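Trainee: The structure's right below; bear with me while I get my questions together.
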């Protein structure tokens, strides 16, 4: 009887921790909790209707993933990236996503092309809504990389996207248009259709690296200002 109760508690606790983790992670990714914002376990637990323990464990998990930091006297704080860290993330993305795109070009199917065309169309339709556009933009990159059929590589790419996405959302708020970015993705898709592994790898790498100049421009506490509004988002 005692073992059954313990198992039930562990299952419920694990579920609560996952719920808290997904709730906080979503808020950070969507820019609802900005870099530097303090995350108070008691407030989160109250909002979710659970105890503080699963929330604290969820925060520890997010800290291990690099989305938040634990600071003395302040507790959990949404992490802000230094310029050096931003460059590192984008340079890693360029290499890994370029590799995934090259691998994808060697095994892409008609169904894969169809899916990417549909995502690209959704990107175009959501151009007026920055938040929606960034979500669909990430879907395009992850769907493209998924064609590589390299799970470990995809895991690393997804983790890098999660780290940089909050900053991307802040930066994109200051951008007047995403039309040029759409053109870049069309070029990537065209190279993929041709099975041009070297070409699509070069396009993906250049696309991602080109974003660094804009996103590392001086930022205020609440807004990222691109050095060049025409710099394409990756």
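Trainee: May I ask you to list the residues in region 156-171 that are under 11 Å from residue 31 (Cα atoms) and more than 8 Å from the chain's Cα centre (by Cα)?
Mentor: 167, 168, 169, 170, 171 - these are the residues of region 156-171 that are under 11 Å from residue 31 (Cα atoms) and more than 8 Å from the chain's Cα centre (by Cα).
Trainee: Here is a further query. What are the residues in region 66-87 that are surrounded by 15 or more Cβ atoms within 10 Å (Cβ to Cβ) and in a helix (DSSP H, G or I), if any?
Mentor: 85, 86, 87
Trainee: From (1) modelled with pLDDT of 95 or more; (2) under 17 Å from the mean Cα position of the chain (by Cα); (3) farther than 30 Å from residue 39 by Cα, pick out the condition that doesn't hold for residue 149.
Mentor: Going through the list (1) modelled with pLDDT of 95 or more; (2) under 17 Å from the mean Cα position of the chain (by Cα); (3) farther than 30 Å from residue 39 by Cα, residue 149 breaks only (2).
Trainee: Further, regarding this structure: Against the condition closer than 29 Å to residue 16 by Cβ, part of a helix (DSSP H, G or I), over 15 Å from the mean Cα position of the chain (by Cα) and without any contact (Cβ under 8 Å) to a residue 24 or more places away in the chain, how does residue 63 come out, does it pass?
Mentor: Criteria met by residue 63.
Trainee: Which of the residues belonging to region 170-184 are modelled with pLDDT of 70 or more, farther than 14 Å from residue 121 by Cα and either touching a strand residue (DSSP E or B) at 6+ places or on another chain (Cβ under 6 Å) or surrounded by 17 or more Cβ atoms within 10 Å (Cβ to Cβ) (or both)?
Mentor: 170, 171, 172
Trainee: Quick one: would you say residue 116 is on the phi < 0 side of the Ramachandran plot, in contact with a helix residue (DSSP H, G or I) (Cβ under 6 Å, 6 or more places away or on another chain), at pLDDT 90 or above and surrounded by fewer than 18 Cβ atoms within 10 Å (Cβ to Cβ)?
Mentor: Judged against the criteria, residue 116 is not a match.
Trainee: Here is a check on your reading of the model: is residue 100 under 30 Å from residue 147 (Cβ atoms), at pLDDT 90 or above and surrounded by 17 or more Cβ atoms within 10 Å (Cβ to Cβ)?
Mentor: Considered against the rule, which asks whether it is under 30 Å from residue 147 (Cβ atoms), at pLDDT 90 or above and surrounded by 17 or more Cβ atoms within 10 Å (Cβ to Cβ), residue 100 comes out as yes.
The values are calculated or read from the model by the stated rules, or taken from the named source; none is laboratory data. Here the structure is a predicted model, which means the values were calculated and not measured. Please note: Cβ atoms are built from the backbone with ideal geometry, for glycine as well, and neighbour counts cover all protein chains shown.
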